[in-house]
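Novice: I have a structure here, written as structure tokens, and I will follow up with some questions on it.
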Amino acid sequence: MNLRLINSCDVAGKRVVVRVDWNVTLGKALQIIDGTRIIRTLPTINWLKNNGAKQIILLSHLGKAEEKRSLEPVVGYAEQLLGEEISLHSTAEQCQSDTVSRVIMLENVRLWAGEDSNDPSFARELSSLGELYVNEAFGECHRESASIVGIAEYLPAYAGLWLEEEVTAILKVRENPEHPFVVVMGGAKVADKLPLLKLLSERADTILVGGRLANELQGESTKLVGRAKIILPLEGSEILDIGEETRKIFAEEIKKAKTIVWNGPMGMVEDVRYRAGTEAVFEAIVRNKGAYSLVGGGDTLAALGNEAQVAEIDHVSTGGGAMLSLLEKGDLPGLMMLESLPNSE
Ligand code: 3PG
């Protein structure tokens, strides 16, 4: 896939709108459980700063629209990493009138109904904040939202540096997976994952299902008529974690794999009593040194504790649904905007 990369562009003196996916998992005290999604955007932001961008205007969603969350705790965390103040503004007008701050951020784009519905007037309003647009929000590229798709109709649009790495790693697995190809799926967002599970069952050899997804699928797995063998937890429905027997079976399958893709925890990991299944899957993946491993998703990242082990995963994606969709479909609505528009810088 040929993406127009931001580092091919002269950004000196320009106001650059950067869509990031800082939709991180927050704890009860609104602390950041895993900052990977923020950390991965820093090279692009720093590149823009070092190459003379006049202003960087950050956009992100956080949680679902109905939760109406503020980006405040996320901004505080990001400021520490960036070593620079980020002025958080509640409206586009406030962003426009701030000509002093080097880095600014508009509040959670999902506070406006036009974001999820990709309303053209909202997209145009967002585009008025800058002269160039960079998509560094791989995790949201499967959504046709205003700050991902709509805005790129109105501004010259470029891919961020991390987004390009994501696409390269995931398409490699799509185009050339060594078999056995084992997919491990769990977590929430069941409505998003079910259709993908169906499609992946044509491509993979084995699919191991845990988490809320497994509860949903008990007794229904025969509806997935693909070529893959689907393995559900032995413990039946309404489980909070996969049990010991299931962990052994999953570990055996993972051990045989040459390609492993994992998205979504195996249980209710926010409660320490139900983390063992997810940890067992993680350890089994790390133990299989001969396989290419691709792991992703916000909740999955938050569930991976051991830094040294995380480093052994071949590619840790910041996308969950986006990773699975790209794997299956080979393209995403947000990426198409970065391939097809003429370079009008
Ligand atoms: C994710 O968490 O996978 C991305 O941030 C996308 O979030 P969404 O499913 O709420 O669009």
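Novice: What's the total number of residues in segment 311-339 that are closer than 16 Å to T36 by Cβ and away from the ligand (no atom under 15 Å from the Cβ)?
Specialist: The qualifying residues number 5.
Novice: So, in segment 132-174, exactly how many residues are in the same structural domain as E93 (by TED's automatic domain parsing), touching a Gly at 6+ places or on another chain (Cβ under 9 Å) and away from the ligand (no atom under 16 Å from the Cβ)?
Specialist: Matching residues across segment 132-174 total 3.
Novice: Which of (1) open to solvent by 70 Å² or more (accessible area, probe 1.4 Å); (2) on the phi < 0 side of the Ramachandran plot does K68 not meet, given it meets every other one?
Specialist: (2)
Novice: I've got another one for you. Out of segment 245-278, which residues are assigned to a helix (DSSP H, G or I), open to solvent by 20 Å² or more (accessible area, probe 1.4 Å) and closer than 13 Å to G211 by Cβ?
Specialist: Residue satisfying the conditions is Y274 alone.
Novice: Which members of segment 109-119 meet the condition of being closer than 13 Å to V149 by Cα and open to solvent by less than 70 Å² (accessible area, probe 1.4 Å)? Don't jump to the end; show me each part of the working.
Specialist: Kept after step one, since they are closer than 13 Å to V149 by Cα, are these residues of segment 109-119: 114-119.
The answer is G114, E115, N118, D119.
Novice: A further question on this structure: Identify all residues within segment 152-167 that are open to solvent by 20 Å² or more (accessible area, probe 1.4 Å) and either in contact with a Pro (Cβ under 7 Å, 6 or more places away or on another chain) or under 14 Å from T318 (Cβ atoms) (or both); write none if there are none.
Specialist: Once the filter is applied, which keeps residues that are open to solvent by 20 Å² or more (accessible area, probe 1.4 Å) and either in contact with a Pro (Cβ under 7 Å, 6 or more places away or on another chain) or under 14 Å from T318 (Cβ atoms) (or both), segment 152-167 yields L161, W162, E164, E165.
Novice: Residues that are closer than 20 Å to W162 by Cβ and either assigned by TED's automatic domain parsing to the domain that holds S128 or within 16 Å of the ligand (Cβ to nearest atom) (or both): which strands (runs of 3 or more DSSP E) entirely in segment 1-105 hold 2 or more of them?
Specialist: 15-20, 55-59
Novice: Sticking with this structure for a sec: Taking the condition of being open to solvent by less than 30 Å² (accessible area, probe 1.4 Å) and away from the ligand (no atom under 16 Å from the Cβ), how many residues in segment 184-208 meet it?
Specialist: So the answer is 7.
Novice: Only residues that are surrounded by 13 or more Cβ atoms within 10 Å (Cβ to Cβ) and among the small types (G, A, S): list them for segment 78-107, please.
Specialist: Residues satisfying the conditions are A78, S87, A92, S101.
Novice: Would you check if there is a residue in segment 218-232 being surrounded by 24 or more Cβ atoms within 10 Å (Cβ to Cβ) and either more than 16 Å from the ligand (Cβ to nearest atom) or of a type in the set (A, V, I, L, M, F, W, C) (or both)? Can you show your working first?
Specialist: So the first thing to find is which residues in segment 218-232 are surrounded by 24 or more Cβ atoms within 10 Å (Cβ to Cβ), and the list is none.
The answer is no, given that none of the residues of segment 218-232 is surrounded by 24 or more Cβ atoms within 10 Å (Cβ to Cβ) and either more than 16 Å from the ligand (Cβ to nearest atom) or of a type in the set (A, V, I, L, M, F, W, C) (or both).
Results for (1) hydrophobic (A, V, I, L, M, F, W, C); (2) within 20 Å of T318 (Cα to Cα); (3) open to solvent by less than 10 Å² (accessible area, probe 1.4 Å), shown as yes or no for each residue.
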position	(1), (2), (3)
V18	yes, yes, yes
T41	no, yes, yes
K54	no, no, no
S60	no, yes, yes
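Novice: What single numbered condition from (1) of a type outside the set (F, W, Y); (2) closer than 19 Å to P156 by Cβ; (3) touching an Asp or Glu at 6+ places or on another chain (Cβ under 7 Å); (4) open to solvent by 20 Å² or more (accessible area, probe 1.4 Å) fails to hold for A137?
Specialist: (4)
Novice: Given the conditions (1) aromatic (F, W, Y); (2) more than 16 Å from the ligand (Cβ to nearest atom); (3) in contact with a Leu (Cβ under 6 Å, 6 or more places away or on another chain), report the number of the one that F181 does not fulfil.
Specialist: Unmet condition: (3).
Novice: If you check D314 against the conditions, is it assigned by TED's automatic domain parsing to the domain that holds G211, charged (D, E, K, R) and open to solvent by less than 60 Å² (accessible area, probe 1.4 Å)?
Specialist: Taking the combined requirement at face value, the residue does not satisfy it.
The values are calculated or read from the model by the stated rules, or taken from the named source; none is laboratory data. Bear in mind that the values here come from a model prediction, so they are computed numbers and not experimental data. Positions of Cβ are backbone-derived with ideal geometry, glycine not excepted, and every protein chain shown enters the neighbour counts. Each accessible area value is taken on the protein alone, full model and side chains, heavy atoms only, with ligands, DNA and RNA left out. Shrake-Rupley method; radii C 1.70, N 1.55, O 1.52, S 1.80 Å.
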